[in-house]
């Protein structure tokens, strides 16, 4: 299954996609897949 990457490629840098902020909080690599915990927020409401 293909998926469009909607999380930041760099774990240490937040990104914004269409007014929604995205950051990777945690990343775990397993044998056949990755588990990422992400945080989403509406632009200008990061606090």
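A short reminder: the numbers here are calculations on the coordinates, not readings from a lab. It should be emphasised that the depicted structure is a prediction, and the values quoted were computed from it without experimental measurement. Backbone-built Cβ (ideal geometry, glycine too); neighbour counts: all protein chains shown.
Observations, loosely collected:
- Sorted by Cβ density within 10 Å, fewest first, the residues 24, 4: 4, 24
- The value given for the chain is a Kirkwood hydrodynamic radius of 11.7 Å, derived from the mean inverse Cα-Cα separation.
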